[in-house]
1. Of the residues PHE319, PHE332, PHE368, PHE309, which is modelled with pLDDT under 85 and surrounded by fewer than 24 Cβ atoms within 10 Å (Cβ to Cβ)?
2. Between residues in the stretch 26-39 that are within 22 Å of MET277 (Cα to Cα) and residues that are basic (Lys, Arg) and assigned to a helix (DSSP H, G or I), which pairs lie under 8 Å by C-beta distance while being six or more apart or on different chains?
3. Confirm whether GLY200 is buried (at least 19 other Cβ atoms within 10 Å of the Cβ), modelled with pLDDT of 80 or more and not hydrophobic (A, V, I, L, M, F, W, C).
4. Return the pair list, or none, for Cβ contacts closer than 8 Å from residues in the stretch 325-337 that are more than 13 Å from GLY311 (Cα to Cα) to residues that are among the aromatic types (Phe, Trp, Tyr), at least 6 apart or on different chains.
5. Filter the stretch 95-104 down to the residues that are touching a residue at least 24 places away in the same chain (Cβ under 8 Å) and closer than 16 Å to GLY132 by Cβ and list them by number.
6. Here are some conditions: (1) in contact with a Ser or Thr (Cβ under 9 Å, 6 or more places away or on another chain); (2) surrounded by 24 or more Cβ atoms within 10 Å (Cβ to Cβ). VAL360 meets all but one. Which one does it not meet?
7. Under 9 Å between Cβ atoms, which residue pairs at least 6 apart in sequence (or on different chains) link something in the stretch 221-244 that is outside any helix (DSSP H, G or I) with a partner that is aromatic (Phe, Trp, Tyr) and modelled with pLDDT under 80?
Amino acid sequence: MEGGGGILSLRNLRTLDSFRNSTYRLFYMGTLGQMGAMNMQMMARSLLVYRITGSAAALGVIALANSLPMLFFSLFGGVLADRVQKKYVLIAGQVGSAILAFIIAVFLYTDIIGPDQPNSWWILVGYSLVAGALMGAVGPAQGAILPQIVGEERLMNAVALNMLGMNFLRLTAPAIAGFFIEAFGFEAIYFCMTGLYLLGLVFFILMPATGTISIRGQGALSDVKAGFQYVRQERTILLILALTLVFVVLSMPYMFLLPVFTESILKVGAQGMGILMSVTGIGAIAGSVVLASLPNKKRGLMFLIGSAFLGLALTAFAFSSVWTLSLIIIVFVGLGQTFRMTLSNTLLQYYVDDQYRGRVMSIYNMEFGLSSFGVFFAGIMATIIGVQWAVGGLAIILILMSLLFLAVVPRIRNLN
């Protein structure tokens, strides 16, 4: 066994390798606090807006409001990540997020926001705009700090372990959130979010400063322009970014439109929606463990196959109207999402030059902002042709695009 050279020999299994790094452990715990809050919010905000408005299009508007400022602020967030110690950017982001969550909690507690206030969802639009700007400014630093903490050899392991933690929270947080909503109301979720952001803040404060500052003395706009020029010249990075954009736009709408499925098709309410989102985490956890254990081989091929698999699972979920069947299918949706997200992030970080890392990660984060246009389009289409065909149609396109790139773009297929 010790001398085995196979891909899955025990010698090559290093599932928890990054945890040997004390700085990574602090970063991981801080990220868990942040991700716990975000997983609760993903369910609570969408369900609250849908209960206030009863409109799939309103869910698209919320997604757009969250993502549009992310597009702009991600660019300068990338410059910030290359200019400032990333630890301090993370601390500022946690403080801002805690303040925003607390404000919404107070508004809910005092009935300024709620299903009985039909115009109050516009406050959530404003909240989403500010939260999106904050996420755009902080996100590039959070992505770019990982290689500085663990190094390139442990990079996929660290990204996969991050996904493992996020997916564990996806397994537990939505179900807890659904129970809290039914038992105590939406305000309980936002008070919990405030506490989780503050808990994450403690761990980020305890982290030592890591890495070096890559750029100095240039204007922010010049730095942004240099980042785009670098991406345009590096064909591999450009292809990874383009492919990620396409796959995100095609695969993300189902998450934002989930309240339509649970309220109007499956008819399972807040607790059912929480359970459904939690079950997604089962497949996602399995995918994270597998990726954390694998060596750095065939990552481009796995990325494309995983994306095609995700499309198949999403198609099946979209057209299911049976609760038990949907629960089973959503496990595979979680598995496919984890492969797509982990491998695209790892490939990008592995091939980028360190001095451009923050700015390239800002473009990567911008793509999640651009995905809001897919969500908005899907929300409009859901009101015209139904949510099942809106989500299922995008999933079918995802399958076809994945297979097309697998067949005709060997540069991506052959990436290790």
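The values are calculated or read from the model by the stated rules, or taken from the named source; none is laboratory data. Here the structure is a predicted model, which means the values were calculated and not measured. Cβ atoms come from the backbone with ideal geometry, glycine included; neighbour counts cover every protein chain shown.
1. PHE368
2. Pairs found: ASN39/ARG170.
3. For GLY200, the condition - buried (at least 19 other Cβ atoms within 10 Å of the Cβ), modelled with pLDDT of 80 or more and not hydrophobic (A, V, I, L, M, F, W, C) - is met.
4. SER326/PHE261; SER326/PHE317
5. GLY96, SER97, LEU100, ALA101, ILE103, ILE104
6. Single failed check for VAL360: (1).
7. Within 9 Å, the pairs are GLU234/TYR351; GLU234/TYR356.
Okay, residues lined up against (1) closer than 22 Å to PRO208 by Cα; (2) outside any helix (DSSP H, G or I); (3) among the hydroxyl-bearing types (Ser, Thr, Tyr):
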residue: GLU153; (1), (2), (3): yes, yes, no
residue: VAL159; (1), (2), (3): yes, no, no
residue: ARG170; (1), (2), (3): no, no, no
residue: ALA175; (1), (2), (3): no, no, no
residue: ILE189; (1), (2), (3): no, no, no
